[in-house]
Structure formats: C-alpha cells, structure tokens
Amino acid sequence: REDYGTNISVTRDVGEISTITFGGDFKISSVDAIDDEDNSDSFWKNKGKQDQYAIYLQDELSLLDDRLILVGGLRYDYAEFHDGSYDSNVPPYDQLSTDHDQNTWDALSPKISARYNFWPKASIYASYSRGFRAPILDSLCRYGIFHGRFYDANPNLENETLDSFEI
C-alpha cells in the first residue's frame, strides 16, 4: 500500500477586518496486495487506486474591535477510484474474481461560525460545518475477514458526510 499527499495554503490579510485563506489538498493512494498461505497455493489479491483532490476558501472577519469574529468557508472535494481488481483461488472467494468498476465522488462542504467575546475570558460561540469522506480503498476492492473486519468489495459505495453543529 502506498499513500502520497500534500496540503498547501496561503493566508492573507485583506484590509483591517478580513483574513482570507485559500488552499488545496492532494492525495494519491494505491494498493497492490497479495495474501497467501505458506503451505499451499491459496491466494487472495486486491488492487486499486484512489486519487483525491480538494480546494477551499475561508474568510475570517474581525468586527466590533475584535469582539465579534465571523468565519465562513467553502470546500470542494473530488475523489476517483480506478484500476481496481480482485482475484482468489480460495472458495467461495474465487467466485468473486473480477475487475472493479471505476467510480467518482464529490461534495461541496460549507462552514460558518461566529464568536462574540463579552470580556477577555467570556465568550459565546456557534458553528455549523459539513464534512466529506470518500470510501477507503479496502472497502472498494477487498473481500474477506481481515483484522476482525469483514470486507465486501464494493466500488459503488456512497461517500460519507457529516453535519456538525456546535454551541
């Protein structure tokens, strides 16, 4: 298994009240694995690649002599699964040998928050944000029970989202 990625962002003050952050994430993952038994010809092979990209923009506003802080942001994620396959010679997994379908996922995730500072050590805060996660490679291209988990390869899984509210 190989995973490579990077994150880059730039933050800049705009005027006296606004701080803009622009950035992106990039990750490439691949698996080319074989599980075999030492004393037999039994094997289980799974392969697949997943590329993930994201860009985001955030603005932080400081108002009322920095007593009110407003933050708004937007993030776009895109993920692609490709070159997936599974092969085995062990019943019943040998019936599942196949090349997997390619699939993509994407999402637009907003974020908004507000903090009002009454005094230096007292404030009120509220926020909403949405998170995104594409399926993991093992869920997309691996069958079997590994480390106590059952995997049923499914390249057509939906992505996960999470809505978070805080006060």
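Quick notes
- Ile55 being more than 14 Å from the chain's Cα centre (by Cα) and either part of a strand (DSSP E or B) or of a type in the set (Phe, Trp, Tyr) (or both): no
- Across region 126-148, the number of residues qualifying as within 21 Å of Ala79 (Cβ to Cβ), open to solvent by 50 Å² or more (accessible area, probe 1.4 Å) and out of contact with any Leu (no Cβ under 9 Å at 6 or more places or on another chain) comes to 1.
- Odd one out for Asn159, checked against (1) within 16 Å of Ala107 (Cβ to Cβ); (2) loosely packed, with under 12 Cβ neighbours inside 10 Å; (3) in contact (Cβ under 8 Å) with a residue 40 or more places away in the chain: (2)
- Residue satisfying all of: in region 101-113; farther than 30 Å from Asn46 by Cα and surrounded by 16 or more Cβ atoms within 10 Å (Cβ to Cβ); nearest to the chain's Cα centre (by Cα) among these: Ser109
- Criterion (touching a Phe, Trp or Tyr at 6+ places or on another chain (Cβ under 8 Å), modelled with pLDDT under 95 and on the phi < 0 side of the Ramachandran plot) met by exactly one of Ser40, Ser113, Ser88, Ser109: Ser88
The values are calculated or read from the model by the stated rules, or taken from the named source; none is laboratory data. Note that this is a predicted model, so its numbers are computed, not measured. No Cβ is skipped: glycine too gets one built from the backbone with ideal geometry, and neighbour counts run over all protein chains shown. Keep in mind that these areas ignore ligands, DNA and RNA; they rest on the heavy atoms of the full protein, side chains included. Shrake-Rupley method; radii C 1.70, N 1.55, O 1.52, S 1.80 Å.
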